[in-house]
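Here is the structure we will look at.
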Amino acid sequence: MTDHLAPDTSMQAVTLHVEDLDLMTRYYRDALLLHQVELPATLALTPAERAEATALGRDGEALVILRRAPGLPRPGRGEAGLFHTAVLFDDAAGLAAALASVATTAPSTFTGSADHLVSEAFYFTDPEGNGVELYHDRPRDSWGWDGDRIRMASLYLDPDAFLRDHLTDQARELVTTAPDARPDAGPVAAAGAVVGHVHLQVGDVPAARGFYVDALGFEETFSMGTALFVSAGGYHHHMAMNTWNSRGAGPRASTLGLATVGIQVPAADDVAALRDRLTRAGVAVADDGTTLRFDDPWSNHLEVRAATSR
């Protein structure tokens, strides 16, 4: 039995509790160029709850699930929870189309950009304060490693230069058209995209390592004291945890924002191995036969299922 997650482990949809479902749907659809897709059949919701939820993604697969949760407060800046959901595009052209769309549709939500050596990334805050990263990876054979530690940095990345280099004429025409008058986006918005990684705010990095590496089974790829980056299968990172705003934070209260982080492992045997590993580590796990549901030390909720159970 291995103590690590399978190499083919991947991130799945992030579910957010939102106050204004229509506003948030427009942002992820019209600004970020995600498509409205069917809610996953594995989503444990009643018919009434499904009527108050929307899924957005690419290629028919949900990347972000929005659930209306009126009455919940917004999380405080120093609380544990979501730092950002990172959408990984297949190529620079697909990323440029989404970047140009946000620039024309919701420019005030842009918060920054960075060349991370392994990737080029652009950062945003959605209308309810949830962080979003849009990025593409450089080829894996160009990534630098020092043993089992990835070389990453945060270098200046000029958004205008990126658009000049990568935005196609077709994408430029699409994003300069009002969202309600846009034609079928065709290949502009059909380029593949997945949840590349999920970055969390936590209260303590050593405790995060104890949970996400020692118990859950990710491998540490990078650490900078106040932040930890972990992955499966040699990716630069599938998850990250930082204390930049949340040092010392305790378990989360019920708020708007992060509801669930989804993780997919290849097979049922991987789910069973993880259940046993978490149980040995003293983590309370709910297992319905297809999905493991459990919380990290800050009450960030995670769900893990096998690819064959989707």
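So the check is Cβ under 6 Å with 6+ separation or different chains; which pairs have a first residue in the range 146-168 that's more than 27 Å from V230 (Cα to Cα) and a second one that's surrounded by fewer than 13 Cβ atoms within 10 Å (Cβ to Cβ) and not aliphatic (A, V, I, L, M)?
Close Cβ pairs satisfying both conditions: none exist.
Given the conditions (1) closer than 21 Å to H197 by Cβ; (2) open to solvent by less than 40 Å² (accessible area, probe 1.4 Å), which single one is not true for R293?
Single failed check for R293: (2).
(1) more than 25 Å from E79 (Cβ to Cβ); (2) open to solvent by less than 30 Å² (accessible area, probe 1.4 Å): which one isn't true of D287, the others all being true?
Failed condition: (2).
Please report, ordered by residue number, the strands (runs of 3 or more DSSP E) entirely within the range 178-277 with at least 2 residues that are at pLDDT 95 or above and closer than 21 Å to N130 by Cβ.
It comes to 193-201, 227-231, 239-242, 257-265.
The values are calculated or read from the model by the stated rules, or taken from the named source; none is laboratory data. The model shown is predicted, which means the values in this text are computed figures rather than measured ones. Note: ideal-geometry Cβ built from the backbone for every residue, glycine included; neighbour counts use all protein chains shown. Please note that ligands, DNA and RNA were not included when accessible areas were found on the heavy atoms of the full protein model with its side chains. Shrake-Rupley method; radii C 1.70, N 1.55, O 1.52, S 1.80 Å.
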